[in-house]
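To start, the structure under review is shown below, and the notes come after it.
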Amino acid sequence: MHEMFKIFKKVYEVSERELNNTEPNRDALDFIAVLLEDKAERLSVNCCNDFELDQMIPDIDERTKFVKEYHVWNGDPDEFDPKFLELPDFAIARFMADRLRK
């Protein structure tokens, strides 16, 4: 598994658990968000690397929801295609960072 998959998968799992917690650890989530934003900035200067999210989010329903939420967040909900569940690596990092701050 690609190293970024491992990182994104772990961040996704932790963030989902914390965000669904009645009292999420805001300090930890803010810290993770800062790290993700830094990583997004670094990734954005590379070529566009689309991630197939099946390794990060194995459940197809959760994966579809994640991509759909990304497109709404990104301001392009019409771009959502349930047959194309890939996103650029830097976009995943920015989206997850923003999700952690809400």
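The values are calculated or read from the model by the stated rules, or taken from the named source; none is laboratory data. As the structure is a prediction and not an experimental result, all values here were calculated from the model. Backbone-built Cβ (ideal geometry, glycine too); neighbour counts: all protein chains shown.
Out of (1) more than 17 Å from GLU3 (Cβ to Cβ); (2) free of Cβ contacts under 8 Å to residues at least 12 places away in the same chain, the odd one out for TRP73 is which?
Against the list (1) more than 17 Å from GLU3 (Cβ to Cβ); (2) free of Cβ contacts under 8 Å to residues at least 12 places away in the same chain, TRP73 comes up short only on (2).
Identify the residue in region 1-55 that is loosely packed, with under 15 Cβ neighbours inside 10 Å and of a type in the set (Lys, Arg) and, among all such residues, is nearest to the chain's Cα centre (by Cα).
Selected residue: LYS10.
Within region 68-88, restricting attention to residues that are in contact with an Asp or Glu (Cβ under 8 Å, 6 or more places away or on another chain) and not aromatic (Phe, Trp, Tyr), which residue is surrounded by the most Cβ atoms within 10 Å (Cβ to Cβ)?
Let us first name the residues in region 68-88 that are in contact with an Asp or Glu (Cβ under 8 Å, 6 or more places away or on another chain), namely 71, 73, 85-88.
If we keep only those that are not aromatic (Phe, Trp, Tyr) as well, we get 71, 85-88.
Working: HIS71: 16, LEU85: 18, GLU86: 13, LEU87: 21, PRO88: 17.
The extreme case among them is LEU87.
All but one of (1) among the aromatic types (Phe, Trp, Tyr); (2) in contact with a Leu (Cβ under 6 Å, 6 or more places away or on another chain); (3) free of Cβ contacts under 8 Å to residues at least 24 places away in the same chain hold for PHE80; which doesn't?
(2)
Kindly list, by first and then second residue, each pair from a residue in region 29-42 that is basic (Lys, Arg) to a residue that is modelled with pLDDT of 85 or more and part of a helix (DSSP H, G or I), limited to pairs with Cβ atoms under 7 Å and residues at least 6 apart or on different chains.
LYS39/ALA93
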